Amino acid sequence: MYIYKLQQLDGEGNREYVYRSLRESIIKATIKPGETISEPQLQQYFNVSRSPIREALSILQHENLIKVEPKKKTSVVLIDREYILESRLLRCRMEKEVLLNICTKMDTAPLVKELTEIIKKAEELINKKDSIKIIFDYDTLFHATIFKYSGLKYVWDMIRTSNIQYNRFLNLYIEEKLYGKHFIHDHKMLIKWLKNKQIESLIDYTNNNFDRIAVYLKEIEARHPDYFLPEETSEQKQ
């Protein structure tokens with residue numbers, strides 16, 4: 001188990017700091033799906049009392065990132081493929097409506113300028129720093145900017161909250177280099193289609209964005225079968 005050593009923010013309490021560090025580690029899979037988490041080990045690592053550790057774990061349990069079995073163990077939940085597909089479907093369908101609304105009712109020029117600056121910055125950094133983090137962070141910023149420009153900031157916040165499980169998968173397929181080489185190109189094309197208000201191309205983009213997730217899921221699961229819920233477990237929950 002490796003825990004991301006984040007910098008504690010000014011005025012940030014121990015609970016929030018421990019929570020952020022563990023959440024980042026789970027999403028980035030340095031604490032792997034299915035791995036056991038030891039409270040005494042966390043106390044030693046963070047050099048804090050038991051209370052902030054237990055409070056941070058409680059939040060992570062609420063977010064369904066860990067499961068706590070009384071008098072047994074605390075472990076990171078396995079990835080549920082059905083949850084990934086459904087959350088991605090929601091995101092892609094919402095984004096399609098947002099893009100169509102922007103193209104038919106709004107001036108796309110300011111948004112195109114802002115998105116171009118985001119991708120330009122990502123392109124500058126991608127070969128200089130941790131490319132996985134750059135792609136992850138700038139992809140989030142790029143799509144958040146689209147939703148916020150359309151006036152749907154809170155819709156994006158809701159999607160982002162429900163996308164915690166998807167983000168675990170997103171990190172894996174970026175790390176496995178299944179998507180990284182396409183990141184700049186795909187987003188530049190989206191900017192071009194927005195600039196020219198090419199509605200059909202935008203619709204195809206959102207549809208394809210969803211369809212290829214199933215393909216990536218199979219590839220990731222083949223490489224890390226122990227990271228995912230057994231197939232029959234997902235079916236039983238339906």
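Observations on the structure shown:
- Scope segment 10-33; condition loosely packed, with under 15 Cβ neighbours inside 10 Å and either within 24 Å of N171 (Cα to Cα) or in contact with a His (Cβ under 7 Å, 6 or more places away or on another chain) (or both); matching residues: T30
- Any hit, segment 168-183, residues being within 25 Å of Y227 (Cα to Cα), free of Cβ contacts under 8 Å to residues at least 40 places away in the same chain and surrounded by 19 or more Cβ atoms within 10 Å (Cβ to Cβ): yes
- Evaluation of W156 against (1) under 21 Å from E95 (Cα atoms); (2) in contact (Cβ under 8 Å) with a residue 40 or more places away in the chain (one fails), failing number: (2)
- Scanning segment 117-149 for residues that are surrounded by 15 or more Cβ atoms within 10 Å (Cβ to Cβ) and either polar (S, T, N, Q) or outside the structural domain of N196 (by TED's automatic domain parsing) (or both) yields S131, T140, T145.
- Residue in segment 206-226 that is closer than 15 Å to I119 by Cβ, surrounded by 13 or more Cβ atoms within 10 Å (Cβ to Cβ) and at pLDDT 90 or above present: no
- Helices (runs of 4 or more DSSP H) within segment 39-133 that include 1 or more residues within 19 Å of A144 (Cα to Cα): 81-105, 109-125
- Of the residues making up segment 25-70, those that are more than 25 Å from L229 (Cα to Cα) and of a type in the set (S, T, Y) number 3.
- Any hit, segment 80-99, residues being surrounded by 16 or more Cβ atoms within 10 Å (Cβ to Cβ) and free of Cβ contacts under 8 Å to residues at least 24 places away in the same chain: no
- The residues in segment 50-65 that are at pLDDT below 95 and exposed (fewer than 13 other Cβ atoms within 10 Å of the Cβ) can be counted, and the count is 3.
- Residue match in segment 150-158 (condition: surrounded by 16 or more Cβ atoms within 10 Å (Cβ to Cβ) and more than 30 Å from Q61 (Cβ to Cβ)): yes
- Considering segment 140-164, the residues that are more than 18 Å from N101 (Cβ to Cβ) and among the polar types (S, T, N, Q) include one that is modelled with the highest pLDDT, namely T140.
The values are calculated or read from the model by the stated rules, or taken from the named source; none is laboratory data. Note that the coordinates shown come from a computational prediction; the quantities given were computed from them, not determined experimentally. Virtual Cβ from ideal backbone geometry, glycine too; neighbours counted across all protein chains shown.
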